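Here is the structure we will look at, set down as structure tokens.
Since every read-out is calculated from the coordinates, none of them should be taken as a lab result. Here the structure is a predicted model, which means the values were calculated and not measured. Glycine gets a Cβ as well: all are built from the backbone with ideal geometry, and neighbour counts include every protein chain shown.
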Amino acid sequence: MTPKPDPNLDTAKAAQLFSLASHTTRIGILSHLMERDLSRQDLSDALQVKADTLQRHLSKLREQGLVKYDKEAGVYRIDDQEAYERLSQAVPEILPPPPPLPGSDED
């Protein structure tokens, strides 16, 4: 018997998320930003990539709404916690699970 497809599964969104996570630099960006907000220079130093390479990957992540730039603070941060959680559940050996949100009961 053939299993029925999940009507709640958005395959286009899933493919998009996996595509974004298909490059080591983007995985590194997401992993570092899950720990804390970082400036472009801090990300570049942490990942040991050139500024133009980092900017290209940040742009892709921003276009898809995974990260955003806070102009006032001068830092990048995760913008779509839910998308990050889906990615980390799908590939837990690559992306660490997100930390508990402030005020949650998890410790």
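Less than 13 Å Cβ to Cβ from ARG36, Lys/Arg counted +1 and Asp/Glu -1: what total charge do the surrounding residues give? Don't skip to the answer; put the middle values down first.
Values: positive: ARG77; negative: GLU35, ASP37, ASP42, ASP70.
Value of the local net charge: -3.
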Taking every C-alpha to C-alpha distance in region 21-90 and binning by 10 Å from 0, the per-bin percentages run 21, 62, 17, 0
